[in-house]
Amino acid sequence: MNRFTTITDLRQYFLPLRSTHTIGLVPTMGALHKGHLQLVENARQENDLVIASIFVNPVQFNNPDDLARYPRTLEDDCQQLESVGCDAVFAPSVDEMYPEQPTLRLNFGELETVMEGAFRPGHFNGVGLVVAKLFNIVQPNRAYFGQKDLQQVAVVRRLIRDLSFPVELVRCPIIRETAGLAMSSRNRNLTADERNQAPALFEALNMAHDLLREGESIVQVKAAVDSFFNSRPHFRLEYLEIANADTMQPVDEVLAPGQTAICLAAHLGKVRLIDNLVF
Ligand code: PAF
């Protein structure tokens, strides 16, 4: 597997290959888990070349502690990527990506007024900036993102549309541990006890899903999820939203199959977890 740390080296390598090969990009911030490896495997099946990026993007962190705590495991990540047939990894430094503090601001309109956008001001500006840079640097045919960050998928879809990137966005299903906890790099920061409790997030999503299927109103479902977390004091529920899975705007009633998403964010100890269920 080729490793690149500079934009120039990466471009030199890929330039002659671009006309004869399709390129799949898997953007990551490292601390890889099976969810990421599944993205690489999906990309492997659909492209001639697969490149993963590993870059903890400071611009998308609105909380300095979160940035400092973000796990960094480059050597282990590279071994895992190689084991699933990734062709290249791009792991630039912060200076390489941002030689100067970026002044460009991206505004995703109503997409960033809810959920992650509302609770993490500036987050999607940072995501949009780095994804746009990666698209320009790598010029992939397809880019792979996990459904766990559903709102991020919507933001990238908007970025591709508004900036006319010739990139196909591929949303890949959430990969869960046996007990239902969605795989996330942040799970590494959970204590053993918290890890045992964390599957309650998926339990709450399933409960909300079942209640909606039984015909309960969205107001009743939200109240039920509130009381679910009130009886679990280790959690602090930040939001539970039932939204259009494409626009992320809250809905008053369940939409057509595949269009409604139940999304939640909760703090467990020092770790903030998000999860969702599209139905
Ligand atoms: O989902 C992530 O890991 C990040 O938000 C991404 C897409 C790699 C951009 O930094």
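Descriptive notes on the structure:
- Helical runs (DSSP H, four residues minimum) scored at -39500 (n - 2.57) apiece and divided by the length of the chain put the mean residue ellipticity at 222 nm at -11500 deg cm²/dmol.
- Helix axis angle, 74-83 relative to the chain longest principal axis, alpha carbon, degrees: 80
- Total charge dipole magnitude, the range 18-75, about the Cα centre, Cβ charges on Lys, Arg, Asp, Glu only, Debye to nearest 20: 40
- Relative to the Cα centre, the charge distribution of the chain, modelled as +1 at Lys and Arg Cβ and -1 at Asp and Glu Cβ, gives a dipole magnitude of about 320 debye.
- Cα-based convex hull volume of the range 90-234 per residue, rounded to whole Å³: 166
- Listed values for the range 111-125 are Karplus-derived 3J(HN,Hα) couplings in whole Hz (6.51 cos²θ - 1.76 cosθ + 1.60, θ = phi - 60°), namely 4, 9, 9, 10, 6, 4, x, 6, 8, 10, x, x, 4, 6, 4, and x replaces Gly and Pro.
- Amide H contacts under 5 Å for ALA31, placed H, 5+ residues apart: THR73
- With 5 Å bins beginning at zero, the pair-distance distribution over Cα atoms of the chain amounts to 1, 5, 12, 16, 19, 17, 13, 9, 5, 2, 1, 0 %.
- Taking a straight Cα-Cα cut-off under 26 Å and skipping sequence neighbours fewer than 8 places away in the same chain, the lysines within cross-link reach of LYS133 are LYS34, LYS148.
- The distance from the alpha carbon centre of the range 63-107 to that of the range 166-241 is 27 Å, rounded to a whole number.
- Straight-line reach from LYS222: taking Cα to Cα under 17 Å and skipping same-chain neighbours fewer than 8 places apart, the aspartates and glutamates in range are GLU203, ASP210, GLU214, GLU238, GLU241, ASP252, GLU253, ASP275.
- Put in line by how crowded their Cβ is, counting other Cβ atoms within 10 Å and starting with the fewest, HIS36, HIS209, HIS267 read HIS267, HIS209, HIS36.
- With q set to 0.09, 0.13 Å⁻¹, the log10 of I(q)/I(0) for the range 33-162, from the Debye formula over equal scatterers at the Cα positions, is -0.27, -0.58.
- Over the range 171-248, relative contact order from alpha-carbon pairs under 8 Å, at least 6 apart, %: 18
- Dipole of the chain computed with +1 at Lys/Arg Cβ and -1 at Asp/Glu Cβ about the Cα centre; of PRO71, GLY215, TYR98, farthest Cα towards the positive end is TYR98.
- Alpha-carbon Rg with Dmax, taken over the range 20-75, Å: 13.5, 44
- For the chain, the longest principal axis of the Cα atoms and the long axis of helix 200-213 meet at an angle of about 60 degrees.
- Between the Cα long axis of helix 150-163 and the first principal axis of the chain there is an angle of about 50°, rounded to the nearest 10.
- Relative packing of 194-207, 3-16, which averages over residues the other C-beta atoms within 10 Å, highest first: 194-207, 3-16
- With N the number of residues in the range 165-279, Rg(Cα) / (2.2 N^0.38 Å) evaluates to 1.10.
- GNM top mover of THR73, THR103, THR20 - the chain, alpha-carbon springs below 10 Å: THR103
- For ALA245, the residues 5 or more places off, or on other chains, whose built amide H falls under 5 Å of its own are THR260, ALA261.
- Net charge, GLN259 excluded, C-beta distance under 15 Å - Lys, Arg +1, Asp, Glu -1: -1
Every read-out reported here was derived from the displayed coordinates using simple, explicitly stated rules and does not represent laboratory data. Small disclaimer: the values here were computed from a predicted structure and weren't measured. Please note: Cβ atoms are built from the backbone with ideal geometry, for glycine as well, and neighbour counts cover all protein chains shown.
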